[in-house]
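A short worksheet on the structure shown next.
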Amino acid sequence: MKLRYRIGSRIIYWVWKVLFGFKVEGRENIPNTGGIIIAANHLSNYDPPLIGAAVWCRECYFFSKNEIFAVNKFYSWVMKAFNAYPINTKKPSKENLKYIETLLDKGLGLLFFPEGTRSRTGNFLKFNPGIGWFALRTSVPIVPTFIKGTNTSLISQLVRQNRVYVKFGTPILANKFKVNKEGRELFTQEVECKVRELAQ
């Protein structure tokens, strides 16, 4: 784990825990080694750093739409320094897809938001099957993850009216499914189902 990532994630974790009552459950479900995909619902721009901080034991890479990196040079540098990678979310390039596979083949952790965009209402959106495609091609497990509260105001979190909560479920193994279109869709459906269960 890079030093800047370790320091940054620890600062985020403790700031949110002390000031806002940040809660994490199921961290023991995250494998210590090997490629993994953390698959979570998506509520706000706070999700990537807070889930990354919740993972704690492993460095995570994540992907953001190209427009985010165009805000300014400093913001772009910070994003990239903490493992964000620009991607065309509507139509990823071959280079994007190859880079994702390379990270998983190297045994690294990736954070994915299968809904493809933030939920404006807080309700679940349908998961895109791309996540199943990557998991099956690289034979990595997917850790279903539920995050709650990042779409609420910091004031409401400060007074404990709302809290950010992250829960990691049991990994779903890729070898349970066939490496074809049907297997990819079934894999994605199971991931979505498990994330929904974590919300109950």
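Could you identify the single residue in G107, G116 that is closer than 16 Å to I142 by Cα and among the small types (G, A, S)? If you could, list the steps in order and put the result at the bottom.
On the way: G116 fails: closer than 16 Å to I142 by Cα.
From the options G107, G116, the qualifying one is G107.
Does any residue of segment 190-199 turn out to be part of a loop (DSSP other than H, G, I, E, B), within 26 Å of V15 (Cβ to Cβ) and modelled with pLDDT of 90 or more? Walk me through it before giving the result.
Quick first cut of segment 190-199, residues part of a loop (DSSP other than H, G, I, E, B) only: 199.
When the remaining residues are screened for being within 26 Å of V15 (Cβ to Cβ), the result is 199.
Remaining after also requiring modelled with pLDDT of 90 or more: 199.
Within segment 190-199, one or more residues are part of a loop (DSSP other than H, G, I, E, B), within 26 Å of V15 (Cβ to Cβ) and modelled with pLDDT of 90 or more.
Take the conditions more than 19 Å from R120 (Cα to Cα), surrounded by 15 or more Cβ atoms within 10 Å (Cβ to Cβ) and in contact with a helix residue (DSSP H, G or I) (Cβ under 6 Å, 6 or more places away or on another chain) and apply them to F20. Does it pass?
Numbers: more than 19 Å from R120 (Cα to Cα): yes; surrounded by 15 or more Cβ atoms within 10 Å (Cβ to Cβ): yes; in contact with a helix residue (DSSP H, G or I) (Cβ under 6 Å, 6 or more places away or on another chain): yes.
It is true that F20 is more than 19 Å from R120 (Cα to Cα), surrounded by 15 or more Cβ atoms within 10 Å (Cβ to Cβ) and in contact with a helix residue (DSSP H, G or I) (Cβ under 6 Å, 6 or more places away or on another chain).
Under 9 Å by Cβ, and 6 or more places apart or on different chains, what pairs join a residue from segment 8-24 that is farther than 15 Å from N162 by Cβ with one that is hydroxyl-bearing (S, T, Y)?
Cβ pairs passing all conditions: V24/Y13; V24/Y165.
Go through segment 136-163 and give me each residue that's in a helix (DSSP H, G or I) and touching a residue at least 60 places away in the same chain (Cβ under 8 Å). Explain how you work it out, then say what you get.
Of segment 136-163, the ones in a helix (DSSP H, G or I) are 136-138, 154-158.
T138, L154, Q157, L158, listed by residue number.
Scan segment 72-114 for residues that are among the hydroxyl-bearing types (S, T, Y) and farther than 22 Å from I30 by Cβ and jot them down.
Answer for segment 72-114, where residues must be among the hydroxyl-bearing types (S, T, Y) and farther than 22 Å from I30 by Cβ: Y75, S76, T89, S93, Y99.
From the list N96, N32, N123, N83, pick out the single residue that is free of Cβ contacts under 8 Å to residues at least 40 places away in the same chain and in contact with a strand residue (DSSP E or B) (Cβ under 6 Å, 6 or more places away or on another chain).
On the way: N32 fails: in contact with a strand residue (DSSP E or B) (Cβ under 6 Å, 6 or more places away or on another chain); N123 fails: in contact with a strand residue (DSSP E or B) (Cβ under 6 Å, 6 or more places away or on another chain); N83 fails: free of Cβ contacts under 8 Å to residues at least 40 places away in the same chain.
When all the criteria are applied, what remains is N96.
Mind listing whichever residues of segment 1-58 are in a helix (DSSP H, G or I) and touching a Leu at 6+ places or on another chain (Cβ under 7 Å)?
Within segment 1-58, the first condition is being in a helix (DSSP H, G or I), and the residues that meet it are 3-20, 27-29, 47-55.
Listed by number, the residues that qualify are I12, W16, L19, F20, P48, I51, G52.
Looking at segment 60-77, can you tell me whether even one residue there is of a type in the set (D, E, K, R) and surrounded by 19 or more Cβ atoms within 10 Å (Cβ to Cβ)? Explain how you work it out, then say what you get.
Residues of segment 60-77 of a type in the set (D, E, K, R): 65, 67, 73.
Applying the additional criterion that residues be surrounded by 19 or more Cβ atoms within 10 Å (Cβ to Cβ) yields none.
No, every residue in segment 60-77 fails to be of a type in the set (D, E, K, R) and surrounded by 19 or more Cβ atoms within 10 Å (Cβ to Cβ).
Based on what the data block shows, is Y61 out of contact with any His (no Cβ under 7 Å at 6 or more places or on another chain) and assigned to a strand (DSSP E or B)?
Taking the combined requirement at face value, the residue satisfies it.
Does F124 meet the test of being touching a helix residue (DSSP H, G or I) at 6+ places or on another chain (Cβ under 7 Å), farther than 18 Å from R27 by Cα, of a type in the set (A, V, I, L, M, F, W, C) and part of a loop (DSSP other than H, G, I, E, B)?
Numbers: touching a helix residue (DSSP H, G or I) at 6+ places or on another chain (Cβ under 7 Å): yes; farther than 18 Å from R27 by Cα: yes; of a type in the set (A, V, I, L, M, F, W, C): yes; part of a loop (DSSP other than H, G, I, E, B): yes.
So F124 fits the description; yes.
Suppose we keep only residues that are of a type outside the set (F, W, Y) and over 12 Å from I37 (Cα atoms) within segment 131-147. Which one would you say is surrounded by the fewest Cβ atoms within 10 Å (Cβ to Cβ)? Steps first, please.
So in segment 131-147, the residues of a type outside the set (F, W, Y) come out as 131-132, 135-145, 147.
If we keep only those that are over 12 Å from I37 (Cα atoms) as well, we get 137, 147.
Numbers: R137: 16, I147: 24.
Restricting to residues being of a type outside the set (F, W, Y) and over 12 Å from I37 (Cα atoms), the top hit is R137.
The values are calculated or read from the model by the stated rules, or taken from the named source; none is laboratory data. Computed from a prediction, not measured in an experiment: that's the story for all the values here. With ideal geometry, Cβ positions are generated from the backbone for all residues, glycine too; neighbour counts draw on all protein chains shown.
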